[in-house]
Amino acid sequence: MTHIFGSHTVNNGGIEMTVYRAAAAGLSAVQVFTAIPKFYGDKSTMREERVERFRAALAETGIPGENVVVHGAYVLNTANADAEKRERAHAGLEKELERSSAIGAGGVCFHPGSAGKGDLKQALAWVTEAIVRALESVDSATSVWVENTAGAGATVGRTAEEVAAILDGVPSSLRKRTGYGLDTCHLFSAGYDISHSRDVLTAVLDEFEEATGEAPSFFHLNDSQFPMGSNRDRHALLGKGEMGVDPFRWLLEDRRSRGIPLILETPQLHYDVADDDRSPDPYDVAMRELLEALVS
């Protein structure tokens, strides 16, 4: 299996422009938002013309739908102890799966949220409840993936045990449509010293695989602006942060990095691009070239 490199590109001009910009950068995967990520999106639907434009862009560029990762809204705190806010978050994840299924995405990833001052075990159960609700409501080939967190405050999903606890509660009939992904910056910030050595990085991947019973469904490739264990979710270009280049070389040499989307969530050089500009961001090109050099 080969490596599938992608990026979360700028969506100026419409969701389909993310696909064109990713393809122009030489990438074969893309990550997108289907709605404004600062809102719940629990009532937002995808207009048919948006769906058609996105699917047409995939067809034109040759990027397959299974290589599309949708990132859920940042405000979807599915672990929230506040019943009203939790209901909106659960409804938001359900609606996100509906929109993502419409565009034929491989999966939706989301940050589980924070337990606040509530009980951790109960918070994890609420995250499971949100996943089950979404999967039962939307019958499609699109999966729902838990993303590990950087561990700030009372956020859940920081450890392999917490991610496993969330997935363990999903009924077996739905389990094949769930999974998890690992963000390298989040791992590092949460206290996993994956930049120390190849053995440490491999042991971390082993820990998550053994706890959940499966390998990750995707990776987010990000360096970190802050030191290991900072619990700060601040991404940097690969090799330009506290982690350096070596962890990414070790990861790409690991079997678990093959055949799944490897999504760059690194900074873009240009955010204010024209709506009709399909040209690639220079940073995406540079990051793709670096990754390709690491596997050559």
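The values are calculated or read from the model by the stated rules, or taken from the named source; none is laboratory data. Only a predicted model underlies this, so the values are computations on that prediction, with no experimental measurement involved. A quick note on method: Cβ atoms are made from the backbone with ideal geometry, for glycine too, and the neighbour counts reach across all protein chains shown.
Summary of computed values
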{"read-out": "Residue in the range 1-18 that is more than 18 Å from the chain's Cα centre (by Cα), among the charged types (D, E, K, R) and modelled with pLDDT of 95 or more present", "value": "yes"}
{"read-out": "Filter result for the condition that a residue is modelled with pLDDT under 95 and in contact with a helix residue (DSSP H, G or I) (Cβ under 8 Å, 6 or more places away or on another chain), over Gly179, Gly229", "value": "Gly229"}
{"read-out": "When residues of the range 132-164 are limited to those that are part of a loop (DSSP other than H, G, I, E, B) and of a type in the set (Ser, Thr, Tyr), the one surrounded by the most Cβ atoms within 10 Å (Cβ to Cβ)", "value": "Thr142"}
{"read-out": "Residue match in the range 268-290 (condition: farther than 12 Å from Phe5 by Cβ, surrounded by 17 or more Cβ atoms within 10 Å (Cβ to Cβ) and hydroxyl-bearing (Ser, Thr, Tyr))", "value": "yes"}
{"read-out": "In the range 232-289, the residues that are part of a helix (DSSP H, G or I), of a type in the set (Gly, Ala, Ser) and over 21 Å from Phe218 (Cβ atoms)", "value": "Ala286"}
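Here is a yes/no grid of residues against (1) among the polar types (S, T, N, Q); (2) more than 23 Å from Ser140 (Cα to Cα); (3) buried (at least 20 other Cβ atoms within 10 Å of the Cβ):
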{"residue": "Gly179", "(1), (2), (3)": "no, no, yes"}
{"residue": "Asp183", "(1), (2), (3)": "no, yes, yes"}
{"residue": "Tyr192", "(1), (2), (3)": "no, yes, yes"}
{"residue": "Arg198", "(1), (2), (3)": "no, yes, no"}
